[in-house]
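> This is the structure I have questions about; it appears just below.
The values are calculated or read from the model by the stated rules, or taken from the named source; none is laboratory data. Keep in mind the model is a prediction, meaning the values are calculated, not measured. Don't worry about glycine lacking a Cβ; one is built from the backbone with ideal geometry, like all the others, and counts go over all protein chains shown.
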């Protein structure tokens with residue numbers, strides 16, 4: 001048997017997995033580590049009964065030979081958007097918010113938003129427009145520096161011009177999601193990050209999911225490397241800055257991409273999604289709200305982009321990727337889910353995209369689920 005350089009292979013196998021293929025995912029990931037195409041990765045699969053299987057290969061820190069583990073801390077970037085969507089679902093359950101609410105109901109500066117020619121849009125901007133990337137805005141702020149509040153992100157966005165009518169063009173971005181989170185803060189009467197913790201993170205027991213890692217968590221923070229089929233070296237793109245601590249200024253939550261989390265934590269969130277708002281008897285989002293809003297394409301019928309409230313929806317698969325290539329998918333029909341953790345440059349490369357394809361195929365084989373097909 002070929003010996004891999006994988007520093008650790010943590011596996012928990014339970015009912016619901018095909019025993020003959022138990023090593024399929026580990027073998028795929030290990031092969032990429034062996035060939036020097038990636039530094040390391042973590043895969044988690046969960047069956048319909050929330051039994052989990054962790055496959056950890058390679059290194060979280062190559063230089064210091066720190067192995068990947070279920071408790072390695074990663075920046076999950078845009079996977080954060082689905083958390084923001086889930087928080088809005090909680091506010092909808094409480095009767096404090098609606099996707100049809102005009103943004104100006106919460107943020108008055110949006111009442112006078114104009115198009116480039118100075119005219120007003122045909123209809124007011126709604127929370128749905130912001131959360132499904134059809135606001136009509138074209139430019140916004142990034143999420144890496146996280147040096148301004150959500151309210152300030154929204155104020156700056158409202159001062160720009162619309163490039164299109166609300167609901168007519170899909171333009172993926174971060175500022176509109178952060179602006180929706182600013183609306184949420186007004187609706188629920190507390191900071192976004194506190195509401196997220198109260199309604200989602202604490203009930204799910206996600207103790208390592210945070211916008212501001214503490215000293216102990218930072219000791220488990222992964223290092224980012226390139227994945228462009230050249231000798232591996234530390235990542236140097238803009239997104240890698242999010243992994244640099246300490247920060248020069250106070251960190252503010254970025255509702256579109258600022259969370260840090262671990263594989264052990266993230267699978268809990270994915271299990272909740274796969275079970276339509278509930279995990280192990282603990283309901284986070286009502287079944288009605290989940291099935292009629294969260295699990296429904298929210299982009300207009302005329303647009304092909306299968307986006308709901310902060311998440312992609314391809315067939316039965318519900319989930320989101322992150323900039324440095326983390327990924328989570330929940331199957332709404334079978335109750336299975338999977339999460340993938342790697343930290344590589346945002347631009348990635350051939351090695352990464354081949355790895356993601358091979359990983360999904362191996363997971364499909366082990367879990368016996370329909371193939372994940374996505375274009376984002």
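> For region 267-376, give me every one of the strands (runs of 3 or more DSSP E) that falls completely inside it and has 1 or more residues that are free of Cβ contacts under 8 Å to residues at least 24 places away in the same chain, within 26 Å of residue 129 (Cβ to Cβ) and under 18 Å from the mean Cα position of the chain (by Cα).
Filter on region 267-376 gives 312-314.
> Here's another thing I want to ask about it. Please verify whether region 185-196 includes one or more residues that are over 12 Å from residue 253 (Cβ atoms) and touching a strand residue (DSSP E or B) at 6+ places or on another chain (Cβ under 6 Å).
no
> Take region 221-237 and flag every residue that is farther than 14 Å from residue 341 by Cα and at pLDDT 95 or above. First the steps, then the outcome.
So the first thing to find is which residues in region 221-237 are farther than 14 Å from residue 341 by Cα, and the list is 226, 228-237.
Those that are farther than 14 Å from residue 341 by Cα and at pLDDT 95 or above: none in region 221-237.
> Turning to a different aspect of this structure: Condition test on residue 69, is it over 16 Å from residue 342 (Cβ atoms) and modelled with pLDDT of 95 or more?
Against the criterion (over 16 Å from residue 342 (Cβ atoms) and modelled with pLDDT of 95 or more), residue 69 does not qualify.
Quick grid of which residues meet (1) in contact with a helix residue (DSSP H, G or I) (Cβ under 7 Å, 6 or more places away or on another chain); (2) within 20 Å of residue 88 (Cβ to Cβ):
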site	(1), (2)
240	no, no
243	no, no
248	no, no
261	no, yes
278	yes, yes
290	yes, yes
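> Has region 60-73 got at least one residue that is surrounded by fewer than 22 Cβ atoms within 10 Å (Cβ to Cβ) and in contact with a helix residue (DSSP H, G or I) (Cβ under 7 Å, 6 or more places away or on another chain)?
yes
> On the basis of being crowded, with 23+ Cβ neighbours inside 10 Å, in a loop (DSSP other than H, G, I, E, B) and over 16 Å from the mean Cα position of the chain (by Cα), does residue 236 make the cut?
no
Yes/no per residue for (1) without any contact (Cβ under 8 Å) to a residue 60 or more places away in the chain; (2) in a helix (DSSP H, G or I); (3) in contact with a helix residue (DSSP H, G or I) (Cβ under 8 Å, 6 or more places away or on another chain); (4) within 17 Å of residue 127 (Cα to Cα):
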position: 187; (1), (2), (3), (4): no, yes, yes, yes
position: 197; (1), (2), (3), (4): yes, yes, no, no
position: 203; (1), (2), (3), (4): no, yes, no, no
position: 212; (1), (2), (3), (4): yes, no, no, no
position: 216; (1), (2), (3), (4): yes, yes, no, no
